[in-house]
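Heads up: the structure comes next, in structure tokens.
The values are calculated or read from the model by the stated rules, or taken from the named source; none is laboratory data. None of these values were measured; they are calculated from a predicted model. Glycine also receives a Cβ, built like all others from the backbone with ideal geometry; neighbour counts cover every protein chain displayed.
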Amino acid sequence: MKKPTQLGLIMTSVALTLGSGAINAKELEITITNATKGIYFTPLIVAAHGSDLQMFRAGDAATPELEAMAEGGDISGLSSLIGNAGGEVVENPAAGILNPGIATTFTINTGSHKYLSLSAMLLPTNDGFVGLDSWKIPSKSGTYQTTLLSYDAGTEANDELASSMPNPPFITFGSGGSGVETTVSNDKVHIHPGNLGDSDATGGISDLDSSSHRWLNPVATMTVVVK
């Protein structure tokens, strides 16, 4: 029997290493559905990452990057932060705003990462966002489903005034509201209490319509196909 050469042993070792990496890598097909009546999602950011990295964490103060996303829908800071730390990032898979009742489907190659996170600002809110914090990616192929909650970044008072939040043309705001809150009551990331709104389009406490801009958790569903 012919003995393997040293080069052969090296090539075999490389092949095994590459094969092991390919086995660990997972391609996920993800579908996010906006499950609200009248709340819109700004461009989503989705990331696969390790246990030493978080997009956000309930009970912790928001990072400047999370604040920019939650108050204005700007995901560039989070994308740079996670990408520079070695995470796999998908930006804006819906190619813009995700309307109520609409779904977006996309793929992400997670590499060797074991956790999945995502976020997007909720419109209209002051600093609310839909979020998923370090969801453990299943190790077996199959289809998995979960629901997504809304969070408050804790960076801005929920006054519900049109002057305090983005004003896209597809949202009709009221005017003349006196403000629901004037100060931040919890400056850490926490479960969002939801918009209060009112039925007075030219006054009251809020510039939001209580018949369409209120919501209850969960605000979205997620279906993940592990291939």
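I'd like the full set of residues that are more than 17 Å from E156 (Cβ to Cβ) and either within 25 Å of the chain's Cα centre (by Cα) or not in a loop (DSSP other than H, G, I, E, B) (or both), limited to region 198-209.
Initially, region 198-209 is screened for residues more than 17 Å from E156 (Cβ to Cβ), giving 198-204, 209.
Of everything in region 198-209, those that are more than 17 Å from E156 (Cβ to Cβ) and either within 25 Å of the chain's Cα centre (by Cα) or not in a loop (DSSP other than H, G, I, E, B) (or both) turn out to be D198, D209.
Being of a type in the set (F, W, Y), in contact with a His (Cβ under 9 Å, 6 or more places away or on another chain) and touching a residue at least 40 places away in the same chain (Cβ under 8 Å) narrows it down to one of F56, F106, F129, F41, so name that one.
F129
Out of the residues in region 102-155 that are assigned to a strand (DSSP E or B) and of a type in the set (V, I, T), state the one that is nearest to the chain's Cα centre (by Cα).
Checked region 102-155; the qualifying residue nearest to the chain's Cα centre (by Cα) is V130.
Say whether the condition of being at positive phi and not hydrophobic (A, V, I, L, M, F, W, C) is met by at least one residue in region 45-53.
No, the conditions are met nowhere in region 45-53.
Within region 71-101, can you find the residues that are part of a helix (DSSP H, G or I), aliphatic (A, V, I, L, M) and within 21 Å of P168 (Cβ to Cβ)? Give the derivation first.
The initial filter retains those residues of region 71-101 that are part of a helix (DSSP H, G or I), namely 71-72, 76-84.
Pick out the ones that are also aliphatic (A, V, I, L, M) and you get 78, 81-82.
L78, the sole residue that qualifies.
List the residue pairs whose Cβ atoms are under 6 Å apart, where the first residue sits in region 70-93 and is free of Cβ contacts under 8 Å to residues at least 12 places away in the same chain, the second is surrounded by fewer than 17 Cβ atoms within 10 Å (Cβ to Cβ) and assigned to a helix (DSSP H, G or I), and the two are 6 or more positions apart or on different chains.
none
Name the single residue, out of those in region 164-175 being over 17 Å from S211 (Cβ atoms) and either touching a strand residue (DSSP E or B) at 6+ places or on another chain (Cβ under 6 Å) or in contact (Cβ under 8 Å) with a residue 12 or more places away in the chain (or both), that is surrounded by the fewest Cβ atoms within 10 Å (Cβ to Cβ).
Taking region 164-175 as the starting set, the residues that turn out to be over 17 Å from S211 (Cβ atoms) are 164-169.
If we keep only those that are either touching a strand residue (DSSP E or B) at 6+ places or on another chain (Cβ under 6 Å) or in contact (Cβ under 8 Å) with a residue 12 or more places away in the chain (or both) too, we end up with 164-166, 168.
Working: S164: 19, M165: 25, P166: 15, P168: 12.
Going through the qualifying residues, I end up with P168.
Criterion first (modelled with pLDDT of 95 or more and under 26 Å from Y144 (Cβ atoms)) does T125 satisfy it?
no
Identify all residues within region 35-47 that are assigned to a strand (DSSP E or B) and under 12 Å from the mean Cα position of the chain (by Cα); write none if there are none.
Result: F41, I45, V46, A47.
May I ask you to say which residue of A95, A35 is closer than 25 Å to W215 by Cα, at pLDDT 95 or above and surrounded by fewer than 11 Cβ atoms within 10 Å (Cβ to Cβ)? Give the derivation first.
Numbers: A35 fails: surrounded by fewer than 11 Cβ atoms within 10 Å (Cβ to Cβ).
Residue meeting the stated conditions: A95.
Within region 117-155, can you find the residues that are closer than 23 Å to G50 by Cβ, of a type outside the set (V, I, T) and touching a Phe, Trp or Tyr at 6+ places or on another chain (Cβ under 8 Å)?
S117, S119, A120, F129, G131, D133, S134, W135, K136, P138, Y151 - these are the residues of region 117-155 that are closer than 23 Å to G50 by Cβ, of a type outside the set (V, I, T) and touching a Phe, Trp or Tyr at 6+ places or on another chain (Cβ under 8 Å).
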